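Let me begin by presenting the structure, written as structure tokens, before commenting on it.
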Amino acid sequence: MEGFLYLYISNYFQLNIQSLYQKFLASSGICTDTRTIETNCLFFALKGETFNGNTFARKAIEKGAIYAIVDDPEYLEGERTILVKDALKTLQELATYHRDALQLPIISLTGSNGKTTTKELIHAVLSKKYNCMATKGNLNNHIGVPLTLLSMDARTEIGIVEMGANHLGEIATLCEIAKPNFGYITNFGKAHLEGFGSEENIVLGKTELYRFLKAHEGKIFVNGQDPKQISQTENMDRIIFNDIKSVDSTPIELDDASDTVQVIANGVPIRSQLIGSYNFSNIAAAIAIGHYFEVPKEAIKNAIESYRPKMNRSQLIEKGKFKIILDAYNANPSSMKLALDNFLQMKGHKKAILLGDMFELGAYTEKEHQAIVDFLERNFTGLAFLLGTHFSKTNVTSSHVKLFETKNALQEFLENHPLEADLLLIKGSRGMALEQCLDFL
């Protein structure tokens, strides 16, 4: 009986997606958390490893939701609960239906490093000319992408959708939901090795975006200075920027990265508030996409120069005698190496480094953490503090590289050995919460 009920409801829903869509249009938006319920919203009862959203359906309605979408008949109560076979799948289908109804251009981007910063820069640039909606924060997964699409409305002129993945097939799925017209991949790096299994699979997974765009006559933005991107997009409809060999390419040059990054774009100097030469390609992509969508040069310059990094991403912080580069939002072997290379090139300071564990590396964990230690021992003579379970298991032969398993142990050491440096790099995976170390520096 239960199977029959689900089959009937599923078929009924498939025939009446328009009905659910009309309810969405009449609502105040989508909610998946009763702690943030808005009056007249549609509540979707999603499930996770440690929660079942169906159990909150009644509470959502009591707090103001106009309807609750559930996928367990036990929680079907009256006309304000709607039973579907799978609440998450329904959310995704509703998002795609909405995306089709709006018929607006969607720019999707993914990559191992820098995608959120690049997304925010693109949004800042395009917003100078268009009503532009973009992924909030890093809501870039199978739930975040539908929520991003459903946050757009008839006033939206361009949508920007960030896509994240840690397994093969995920980008392809997100593309089927968002149906992008344009795409950009920031780079291929050693991120989520545990899920992808190899660097080759990372490339294969990220380029699912390319293959979708090729199959659906979309356009691809490509950094002309990235040979991997050039080779992966041969025979595709691509817009190459920063290619010194092409007269058609948008000319963008790195002018200076000794402090914040300055570029020269179409002869116009642009001084960003971003730290690190590794942010050059992120800035260049935003400029090139702005140029393609005919945002005026001065507006592009203003957007880039006004953008301030946030959420612990390459933030420059001054605390007492310290100038601190706080890059504690995330880390993987590729982004760690880029940050260290840039930090070592900075001149005129006495430097120290605080690094935290890198997560989701699976079988590569020991090798990649040891590689960072070896790099520091070869290339850095200042104090380097390595924090976390993984780093604490590495082999260290130099006295200037110090290992700590916990923040308390690091704090105790610094209380007895105050830092003499004036420039400090802090970088680690989000789970390490290294920004907490600012309290005892």
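Output the qualifying pairs, or none if there are none: Cβ atoms under 6 angstrom, residues six or more apart or on different chains, first residue in region 212-229 and touching a residue at least 60 places away in the same chain (Cβ under 8 Å), second residue part of a strand (DSSP E or B) and buried (at least 20 other Cβ atoms within 10 Å of the Cβ).
What qualifies is Phe221/Tyr184.
Which residue, of Asn332, Asn395, Asn379, is surrounded by 15 or more Cβ atoms within 10 Å (Cβ to Cβ), touching a helix residue (DSSP H, G or I) at 6+ places or on another chain (Cβ under 9 Å) and of a type in the set (S, T, N, Q)?
Every option except Asn332 fails the conditions.
Please go through region 29-52 and give me each residue that is part of a loop (DSSP other than H, G, I, E, B), without any contact (Cβ under 8 Å) to a residue 60 or more places away in the chain and β-branched (Val, Ile, Thr), ordered by number.
Across region 29-52, the qualifying residues are Ile37, Thr39, Thr50.
Report those strands (runs of 3 or more DSSP E) wholly inside region 53-145 carrying at least 2 residues which are farther than 25 Å from Ala172 by Cβ.
67-70, 81-83
If a residue has to be closer than 15 Å to Asn140 by Cβ and assigned to a loop (DSSP other than H, G, I, E, B) to count, how many in region 164-199 make the cut?
Final tally of qualifying residues: 8.
Determine whether region 354-361 contains at least one residue that is farther than 14 Å from Gly276 by Cβ, of a type in the set (Gly, Ala, Ser) and crowded, with 16+ Cβ neighbours inside 10 Å.
Yes, the conditions are met somewhere in region 354-361.
How many residues are closer than 28 Å to Asn138 by Cα, of a type in the set (Val, Ile, Thr) and assigned to a helix (DSSP H, G or I) when one looks only at region 321-374?
2
List pairs: first residue in region 331-349 and in contact (Cβ under 8 Å) with a residue 12 or more places away in the chain, second residue acidic (Asp, Glu) anywhere in the structure, Cβ distance under 6 angstrom, at least six positions apart or on different chains.
Pro333/Glu368; Ala339/Asp327; His349/Asp422
Taking Gly348, is it modelled with pLDDT under 95, of a type outside the set (A, V, I, L, M, F, W, C), under 16 Å from Lys190 (Cα atoms) and out of contact with any strand residue (DSSP E or B) (no Cβ under 7 Å at 6 or more places or on another chain)?
Criteria not met by Gly348.
The values are calculated or read from the model by the stated rules, or taken from the named source; none is laboratory data. Remember, it's a predicted structure, so these values are computed and weren't measured experimentally. Quick reminder, even Gly has a Cβ in these numbers, built from the backbone with ideal geometry, and neighbours come from all protein chains shown.
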